[in-house]
Amino acid sequence: MYSELITELEEKLQILKVEHRALDQRLVELEKHLSMTPEEHVEAARIKKQKLKKKDEMSAIESRLHELKEQGE
């Protein structure tokens, strides 16, 4: 049971990391513009919020994984 849950959480963590990197890359692209359009400002703000949410999710999963691995020892 623990090993299945750990595997599932590790997979979810990897997906979140990939998504977070993709958002970061898009944000970098937007911020390279000398002058962003209003739509790009909105998109940049949305991306920053999404990145924070994903970072929070990653932290929660990492904490849960740590707990599970300690219990399994």
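The values are calculated or read from the model by the stated rules, or taken from the named source; none is laboratory data. Bear in mind that the values here come from a model prediction, so they are computed numbers and not experimental data. Positions of Cβ are backbone-derived with ideal geometry, glycine not excepted, and every protein chain shown enters the neighbour counts.
One table, with the values for the structure above:
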quantity	calculated
Within region 1-46, tally of residues that are modelled with pLDDT of 95 or more and small (Gly, Ala, Ser)	3
Count of residues meeting criterion [surrounded by 10 or more Cβ atoms within 10 Å (Cβ to Cβ) and out of contact with any helix residue (DSSP H, G or I) (no Cβ under 8 Å at 6 or more places or on another chain)] in region 30-44	3
Filter result (over 21 Å from GLU10 (Cβ atoms) and loosely packed, with under 13 Cβ neighbours inside 10 Å) within region 49-73	LYS49, LEU52
Where a residue in region 19-37 is over 10 Å from ILE47 (Cα atoms) and its partner, wherever it lies, is among the polar types (S, T, N, Q) and at pLDDT below 90, with Cβ under 6 Å and at least six apart	none
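Matching residues to (1) in contact with a Phe, Trp or Tyr (Cβ under 8 Å, 6 or more places away or on another chain); (2) assigned to a helix (DSSP H, G or I); (3) of a type in the set (D, E, K, R):
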position	(1), (2), (3)
ILE6	no, yes, no
ARG21	no, yes, yes
LEU34	no, no, no
GLU57	no, yes, yes
GLU67	no, yes, yes
